[in-house]
Amino acid sequence: MRGRLLLGLGLLCGLASPAWALEQRYPEKNDTRELSVTTPAGQALGKGMLTQWTEGERLHVLLTYDYNDGRRIEELAIFTQKPELAQERWRWRELKGGTATRQFDIDFGSGRATGTLVKDGKTRRYNEKLKVEPGRTFAGVGFVLAAKNLMPRLRQGEDVKLQALATTPKPRKVTVTLSREGTRNLTIAGRTLDAEHVIIHPEIGLASLVVKAPNTDLYFTGSEPPVMVGGEGTLLEPGDPVVRTGILPRQSPAAARRPAPRGR
């Protein structure tokens, strides 16, 4: 009887748990890469840097962008990689002249999402409590890691639904569907390559009558592991312009050692 009771409790716990967690197939390592930022047509908008490092079981990813118009954008995300991939933190801010004009911070553990928006001399502040499903809810660069680790399933034609924490500008949770749309001939930073195309499609229901949320496109090359080479989507909010981010190839050791030419 005791054995049957334990078995029954085990089944109930299994039914109450999420159907699956996002397996970390490709653990991330310390890395630094240069980024390009352009319009979809290729007009240069600025440059950026990606830096990621591990501290214990946590992965930190920092993205910084310096735009030609003087703006600076910073994005920081923190993840656990064991036993599954899960996002713990996301912070994004836009600065003009050293002053933050937009800033958002999400603590995935508590579900607390705060934000500040300065526009036309007025400041709006947000403080929302959102329901977060650990391992199935992501924001910002978190979707790059999610898509990368879901690629084997996407290649089999499966569409995968996740939760996104987005700003419209009010922080909100929306369902998104990730799908693979074949390959695309892509030119990034002067390179032309065949890349696997992953689409992130927001499903915002009745909110679509008010908020027009476009898709986000991610591009990967390679097989095991997939390597992201670029992405295209709005800067942050649905009404922002669409930008294309490219990951620049690493310099060869010889090129890195070559001294810069001196002026005459």
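The table that follows gives values for the structure above.
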quantity	calculated
Candidate set from the stretch 126-143 (those that are more than 13 Å from residue 167 (Cα to Cα) and assigned to a loop (DSSP other than H, G, I, E, B)); member that is farthest from the chain's Cα centre (by Cα)	131
Residue within the stretch 50-63 that is more than 21 Å from residue 146 (Cβ to Cβ), touching a residue at least 24 places away in the same chain (Cβ under 8 Å) and hydroxyl-bearing (Ser, Thr, Tyr) present	no
Contacts under 9 angstrom Cβ, first residue in the stretch 150-173 being more than 29 Å from residue 93 (Cβ to Cβ) and surrounded by fewer than 17 Cβ atoms within 10 Å (Cβ to Cβ), partner of a type in the set (Gly, Ala, Ser) and modelled with pLDDT of 95 or more, 6 or more apart	157/179; 158/179; 159/179
Filter result for the condition that a residue is free of Cβ contacts under 8 Å to residues at least 60 places away in the same chain, within 28 Å of residue 230 (Cα to Cα) and of a type in the set (Ser, Thr, Tyr), over 116, 123, 137	137
Selection from the stretch 150-172 of residues that are over 15 Å from the mean Cα position of the chain (by Cα), within 21 Å of residue 107 (Cβ to Cβ) and part of a strand (DSSP E or B)	171, 172
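The values are calculated or read from the model by the stated rules, or taken from the named source; none is laboratory data. None of these values were measured; they are calculated from a predicted model. Here Cβ is always computed from backbone atoms with ideal geometry, including for glycine, and neighbour counts include all displayed protein chains.
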